Amino acid sequence: MSRNLAPWVARNGSFADDPLFISAVGGFRGVHVPVGAEQTVQRLDPARFADALKRELDAAEVSPDRPLVLLIPYGGLGGLNLPRMIASRTNRETWSFSGPLAIESDVSGNGFITTVADQSQPKGAWIRSTPDVTPADTDNFVMSIDGHLIPDRDIWAFPIPGSDHRSVGHSVHTPPDQAAREKDQAHFEERTWFNDFDEKTFEWFGKNAYFYSGHGAKESTVLMTDLGQVSVGASEFAHYLKRRKSLSALSQGSSIVLVSCFTGAAGSTVAQTVADVTGRRTYAPTAEVFESLAVMPFEDNTDGQFLRFDPQSASPFYSRRS
């Protein structure tokens, strides 16, 4: 087990901001807390928990400059609805973790946070939420190709961390798939080269792109939900992406990058639909794509590539060197 400096310390250089740690039982869908004179345990949804926490902070006259650190396992899943609700209601920077965590003590009695996961499960990441990014509307849903209505809150969205620990996108995979991908995903934002032999940087580099990672096809994508994996058509997927608060918080000039196989292939409707529905330039691969952002060549050995899809138009900007 290795020890690392907590990101809220590394970012500020010290404990000057004196974070307030919030430990609770629960997860991204709600938190169990004792309520009333008899301290009966109740499950509060993110909105009710955020309101209760605000009342506690106000009553204790806690400095508004102190950020919050949620010691809640998997509190950063589910579209970051829990931490964003808390950040919005309390007007405080709020940190959450998207994987398992626990509080332990060393032989000297010093407490530390452990974030160890089974190798088949995602380790997770610390994500920083700020009051300016509002929580999602939990009443939205997508319709699967076979006609099932899936609430957005039931989609397993793993946040993708950026260099400043904000969310720069999300990944929708089974836990074992996500475990194999999360290390590379953490470098999406800073990756400038396709590989060591290519000469061009990605066109979206340095422009606050929003990244989506998930299994795809020419006319559909696959979402991981409480019911398992479900396929959704291009329009449903595009509207689902448009509702992402991390995306809508970006300037209109920010692009979307689909790390999703074949969504930019000839005859595909996915990338163009995303561009049209969101009104944003969208990049998508013409073939199988890896989390390294390498695109596989076609069967005839011609180069795979990311294509650029502007609303109502598409043009290639990048291809692999022969």
Select the strands (runs of 3 or more DSSP E) contained entirely in the range 120-172, then report the ones holding at least 3 residues which are touching a Pro at 6+ places or on another chain (Cβ under 9 Å) and farther than 18 Å from M85 by Cβ.
-> 167-172
Selection from the range 34-62 of residues open to solvent by less than 60 Å² (accessible area, probe 1.4 Å) and farther than 28 Å from T114 by Cβ yields V35, G36, A47, D51
Looking for whichever is at pLDDT below 95, loosely packed, with under 14 Cβ neighbours inside 10 Å and not acidic (D, E) here; the options are G109, G99, G79, G75. Which one fits?
-> G109
Give the residues of the range 225-251 that are open to solvent by 60 Å² or more (accessible area, probe 1.4 Å) and part of a strand (DSSP E or B), sorted by residue number.
-> Q229
Pairs under 6 Å by beta carbon, first residue at positive phi in the range 108-127, partner part of a strand (DSSP E or B) and at pLDDT 75 or above, six or more apart or different chains?
-> G124/F97
Does at least one position in the range 303-316 carry a residue that is in a loop (DSSP other than H, G, I, E, B) and within 18 Å of A209 (Cβ to Cβ)?
-> yes
A careful count of residues in the range 45-93 that are among the hydrophobic types (A, V, I, L, M, F, W, C) and over 30 Å from D226 (Cα atoms) gives 4
If a residue has to be in contact with an Asp or Glu (Cβ under 9 Å, 6 or more places away or on another chain) and polar (S, T, N, Q) to count, how many in the range 222-269 make the cut?
-> 5
Residues of the range 50-73 satisfying the condition of being of a type in the set (A, V, I, L, M) and touching a residue at least 40 places away in the same chain (Cβ under 8 Å) = A50, V62, L68, V69, L70, L71, I72
Residue that is within 24 Å of P46 (Cβ to Cβ) and of a type outside the set (A, V, I, L, M, F, W, C), where the choices are S248, S163 | S248
Only one of A265, A234, A284, A217 that is modelled with pLDDT of 90 or more, farther than 17 Å from D154 by Cα and in contact with a strand residue (DSSP E or B) (Cβ under 6 Å, 6 or more places away or on another chain) = A284
Matching residues in the range 288-322 - criterion: being aromatic (F, W, Y), within 16 Å of R191 (Cα to Cα), open to solvent by less than 40 Å² (accessible area, probe 1.4 Å) and at pLDDT 85 or above = F306
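The values are calculated or read from the model by the stated rules, or taken from the named source; none is laboratory data. Predicted, not measured: the structure shown is a model, and the values here were computed from it. When we count neighbours, we look across all protein chains shown, and the Cβ atoms used for this are built from the backbone with ideal geometry, even at glycine. For accessibility, only protein heavy atoms count, side chains too; no ligands or nucleic acids. Shrake-Rupley method; radii C 1.70, N 1.55, O 1.52, S 1.80 Å.
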